[in-house]
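Asker: Can you read through this structure? Questions will come right after.
The numbers here are math on the coordinates, done by the rules we state, and not lab data. The structure displayed is predicted, hence computed values, not measured ones. Backbone-built Cβ (ideal geometry, glycine too); neighbour counts: all protein chains shown.
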Amino acid sequence: MIGAGPAVPEEAQPRTRQIIPRPARYRRGGPPPWASSRVFDQLRLAEVRDALGELSADRGELSRDAGGVVRAPGSLDAAVLVPLFEEAGEVRVVLTRRAADLHRHRSEVAFPGGMIDPGEHARHAALREAHEEIGLDPLAVEVLAELPATRTSSSASRITPYVGALSERPLLAPNAAEVERVLDVTLRHLADGGVYRQELWRLPGGNGEQRMDLFELEEDTIWGATARILFNLLSVISGK
């Protein structure tokens, strides 16, 4: 299917202030790898912990002492935290809507995180930034796994994501200079076929088509690096 604009009807588009740079022509992609999975119907945090524990054991990338890359001077390395908690039998993920007056990624839905300081380990940076942005106590986070790194399309920053478990819904204090709103959504909702959409973009100067993952919420579209991280998380949990 070739589109000349959004792949869903205008009335179904979320009321978002984000600028999503869709090319004039794109193709609708295929279903996600978890499309036929029922794992999200009654998912508990313990099951997420088990799935991510296998990932960490297989990849050997999570170090309790440090973890992840160390940013070298002049590099564009960042880290984010993917906070999960369980409530009413559902696993929920914490996200932020970035402030509208930021220089980059304004009004976009993102995970708490930011640039790794020179000499700082990525895992420490993810926890530090989550504390600075939304007031999340690092001691309240059980780091479960390091997901595959990804890059932003606009700044080419390398982002290392860490999944963290919280024992309960956190009491947060967002930094208004960076975060407009903190939101949380269930993983079951994100995995729903009416929420996730894959598009294939052919970008100027690019080689072939680029897969773009999008999650349509009521008032926001999750796309870019944040959507790719969620795609990887849901794929790992579903065993795909």
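Asker: Express the C-alpha Rg of the stretch 100-240 as a ratio against the empirical globular expectation 2.2 N^0.38 Å, rounded to two decimals.
Answerer: 1.08
Asker: How much net charge surrounds Tyr26 when only other residues with a Cβ under 9 Å from its Cβ are counted (Lys, Arg +1; Asp, Glu -1)?
Answerer: Taking every Cβ under 9 Å from that of Tyr26, the sum is +3.
Asker: Right, another one. What trypsin sites (Lys or Arg not before Pro) does the stretch 112-216 have in DSSP loop regions with at most 10 other beta carbons within 10 Å?
Answerer: Here no trypsin sites (Lys or Arg not before Pro) fit, given the DSSP loop and packing criteria.
Asker: Shifting gears a bit: Rounding to the nearest 20 debye, state how big the charge dipole of the stretch 136-193 is about its Cα centre with +1 on each Lys and Arg Cβ and -1 on each Asp and Glu Cβ.
Answerer: 220 debye
Asker: Oh, and also: For the stretch 144-240, which GluC sites (Glu not before Pro) pass both filters: DSSP loop (anything but H, G, I, E, B) and at most 15 other C-beta atoms within 10 Å?
Answerer: Glu168, Glu209, Glu218, Glu219
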